Amino acid sequence: MARIEEVLQLVGQLNYVWTNTESLFIYLIAHLAGTNKEVAVVIFLTLNTTRARLDLLERLAKTEGTAADTRTAILGFTAGLNREAKVRNKYNHCIYSFDANGELSSTQLMRIVDFNNDLKYGKLESLDDEEMDRIRAAIAEVTAVNRSIWEFMAARGVDM
């Protein structure tokens, strides 16, 4: 398989597992806020970034009256997703670079940094086997968080 096909397949899989996992936030919001699914959907959709949704979950988990085991579990979910968000964001917001043979060779972050009178453009990073393993590891971690959320909700008798 050509590197471009491999990267696109992995990035697609990463986006799929991420979106699937993020949709479970609706049930966590309902549980933590003591509300119903409909209200939780409105809250979820009103917060239009993953960062805002993760912040909400963390803040709700830290409120007074939240059981210690619930707080620990929620903060574990959000910590795992925050770690993997870096990989997800990188591959959703980068420029893919190709070598002279037309083969995918690296990524360049879509970021400009000002240094007094100079500009620096996003860092170039190789798309080698180690990087492919990093994407696979992110997919596995997000999948594990997903399963943990399901187990957490089932243990609390939450109807999903």
Thr46 - accessible surface, heavy atoms, 1.4 Å probe, Å² rounded to 10: 100 Å²
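For Phe77, Phe115, give me the order by solvent-accessible area with a 1.4 Å probe, most accessible first, ignoring ligands, DNA and RNA. Write down the numbers at each step before the final one.
Working: Phe77 20, Phe115 110 Å².
My answer, sorted largest first, is Phe115, Phe77.
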The chain - mean residue ellipticity at 222 nm from DSSP helices (-39,500 (n - 2.57) per run, n ≥ 4, rounded to 500): -22000 deg cm²/dmol
Mean shadow area of region 50-133 over all directions, Cα convex hull, nm²: 8.6 nm²
For q = 0.13 Å⁻¹, Debye-computed log10 I/I(0) when each Cα of region 14-160 counts as one equal scatterer: -0.69
Charged-residue dipole, Cβ positions (Lys, Arg, Asp, Glu), region 16-160 about Cα centre, Debye nearest 20: 520 debye
Residues of type lysines that Lys120 reaches as a straight line, Cα spacing below 26 Å, ignoring anything fewer than 8 places off in the same chain: Lys86, Lys90
Sulfur and carbon atoms: percent of accessible area, region 40-157 [1.4 Å]: 52 percent
Region 1-19-region 35-64 distance, computed between alpha-carbon centres (Å): 28 Å
Added length on full extension, which subtracts the Cα-Cα distance from 0.36 nm per residue, Arg136 to Ile4: 46.0 nm
Column: log10 I(q)/I(0), Debye, Cα scatterers of region 1-91, q = 0.10, 0.20 Å⁻¹: -0.31, -0.95
Estimated distance in nm for a label pair at Glu151 and Asp99, the labels positioned 7 Å out from Cα along Cα-to-Cβ: 4.2 nm
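The values are calculated or read from the model by the stated rules, or taken from the named source; none is laboratory data. No experiment lies behind these values; they were computed from the predicted model shown. Cβ: placed from backbone, ideal geometry, glycine included. Neighbour counts: every protein chain shown. Quick note on the areas: whole protein, heavy atoms, side chains included, nothing else; ligands and nucleic acids left out. Shrake-Rupley method; radii C 1.70, N 1.55, O 1.52, S 1.80 Å.
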